[in-house]
1. What would the Debye formula give as log10 I(q)/I(0) at q = 0.07, 0.10 Å⁻¹ for the alpha-carbon point model of the chain, no solvent?
2. How far apart, in nanometres, would the label points at Arg531 and Asn155 be if each is projected 7 angstrom from Cα along the Cα-to-Cβ direction?
3. On the first, second and third principal axes, largest extent first, how far apart are the outermost C-alpha atoms of the range 461-511 in Å?
4. If you wrap the range 347-475's Cα atoms in a convex hull and average its projection over all directions, what's the area in nm²?
5. What is the log10 of I(q)/I(0) for the range 177-225, computed with the Debye formula using one identical point scatterer on each Cα and no solvent, at q = 0.24, 0.26 Å⁻¹?
6. May I ask you to give the average projected area over all directions of the convex hull of the Cα atoms of the range 1-157, in nm² rounded to one decimal?
7. Relative contact order (percent) for the range 202-313, with alpha-carbon contacts under 8 angstrom and 6 or more residues of separation?
8. Taking all protein chains as present, what is the carbon and sulfur share of the accessible area of the range 121-167, in % to the nearest whole number, probe 1.4 Å?
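The values are calculated or read from the model by the stated rules, or taken from the named source; none is laboratory data. Quantities reported herein were computed from a predicted structural model and do not represent experimental measurements. We place every Cβ from the backbone using ideal geometry, glycine too, and count neighbours over all the protein chains shown. Accessible surface areas use protein heavy atoms only, side chains included; no ligands, DNA or RNA. Shrake-Rupley method; radii C 1.70, N 1.55, O 1.52, S 1.80 Å.
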Amino acid sequence: RDSKIIKSLLPSLYGQPLVELVHTATGAKATPTQKVRVGVLFCGRQAPGAHNIVVGLYDATKSLNSESEVIGFVWGTRGLFKNQHIVLTDEFVANYRNQGGMHMLGRSADRINTATELASAARTCRDLGLTALVLVGAARTHTDAAYLAEHFHRNSVGTAVIACPAEVGGELIGGAFLPVTVGFDTDCHVAAEMVGNTATDGASNRKYYYFLRMSSGTIGSHVSVEVALQTQPNATILTEEVEQQHKSLKDIVDDIADVVCERAQAGKNFGIILVPEGLLGSIPELRALLGELEAVASALGRDLDLTVNDVRSVLSPWALTLLLSLPEFAQSQLLLHKQSDGHADLSKVETERLLAHFVETALAQRAANGTFKGKFSAITSIRSNSARSALPSQFDCELGYVVGATGAVLAANNLNGYFVSVTGVQGSVSEWAVAGAPITSLLIADPTQFFEDGSSIRPRVVPSSIRFDNPSYVALEHNRQQWAINECYCNPGPVQFAGSTANLRPKTVGFAHNNYLSDLNGVRDLIEEIRHRCRPGCDPDAATAAHKMLQTLSSVLHLTVKDHSNGK
């Protein structure tokens, strides 16, 4: 079903082949290309290493043809629509090499969606005679890039659209093409340093429970899993588990209270609890409440913060009862101004404080019943978004540069509707496999997403979630009980730029698929070998054996793909 919808909406992009880039002989120079003009803009939020994407794009474009130009659009999509740009130079680019942030060009709203926006982008690219347009961003950026690429093809703009993944929350991580994105390593390492420092402090004073909210990512728990593997806290809450197990707020509170009670029996009245930012959106009753609040805000046409009095008469009785059962700070935060997509901004809700409040209440009830005899004092904290613009780690510097350089090769070859894929990142940079993958391979026909006119489903790149068969999750689950009771805390310290730890990879990368592109090549080689062995005139027994084995393999693959699509 998804394939038919995607093919009907993006006919020029659907079915495009994977484009692999291969190493040339040692010392060989890249084949020169004709002069090109490549535009680049930051669409997504800040990600450490994003500047190196532009640096890699610039260096590679110039190395292919010194007369080529790279044009940077100032303030993201706003600059693209208004044709506000600068021509990048060696001196200008050098100032931002290996630096954090996105202030080289800046960013604004990260959407290219409406007919007017598509037309404005096309007009700018025509006026500048751009060979390619490179968008740097996350899931929404890749979705918009697909429709922009189709629009350019349909209207003969002559500009190839290419997407470069860069985002800190892990929403693009999980597919075989993207074991990690630019910025994820730095963001997680900065968070792990904070958690590690707090754990060390907690183990020293031994009298507080620290509820620490991981601020990156409102959908998946990629950051929480990575930070937990690096620091080994006493409890880690994951949105995917809450949603899959249909846990209520009370269930989550009871889980945490159980850990507190078990530690109290051993005389330990302290610990570390990791809380994901998007937790409330995965709790069934709160998700329903958020849905009602969003509908009320839309119906009232209010682009401002709401109050309880604004919604008291329009919420359903159960929703109002649930809202009023929350502490006042949570009530007011849930009613704050919504995001540009109409959804509640969960980053403004002190989820960690809400959990600490209810855990304290639950423990007081247990103490009254005689089932809890310890002490509980909570300190809540949020790991701020400062890591988004931190100096990138060595890994993110290298990954960003490779992503940008690969984008330059795709641009020089006028490959429209592709995104940059880098795999095999467990090894050294020379072992990495790079490719251009069709953006349509990331799209899913989400039945809840429609075009603005409501005419049909609008396939999109859906932010990824943690899979329960993922080795990184399995490693976390295997150690949870031990970490809950004991102090197994690890403090990775700050990001290092030299020495033995400077080239460490994220823990989750160590569990990633070894090399997806190499496996695909191996499959193609084996198919070719079977075709050669089973050519006309071969032994009949060999042909029969090959046929039966391939039938079995086909059935197994069918079941595997079916289970994968169901999230198993």
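1. The Debye formula, applied to the Cα set alone, gives -0.47, -0.92.
2. Each label point lies 7 Å from its Cα, and together they span 4.0 nm.
3. Its Cα atoms span 39, 35, 16 Å along the three principal axes.
4. On the way: hull surface 59.5 nm².
Spelled out: convex hull of the Cα atoms, projected over all directions, averaged, 14.9 nm².
5. -0.94, -1.03
6. Numbers: hull surface 42.1 nm².
Taking a quarter of the hull surface, the average projection is 10.5 nm².
7. Working: 127 pairs, mean separation 40.8, N = 112.
Over the range 202-313, the number comes to 36 percent.
8. Details: 500 of 1180 Å².
Carbon plus sulfur share of accessible area: 43 percent.
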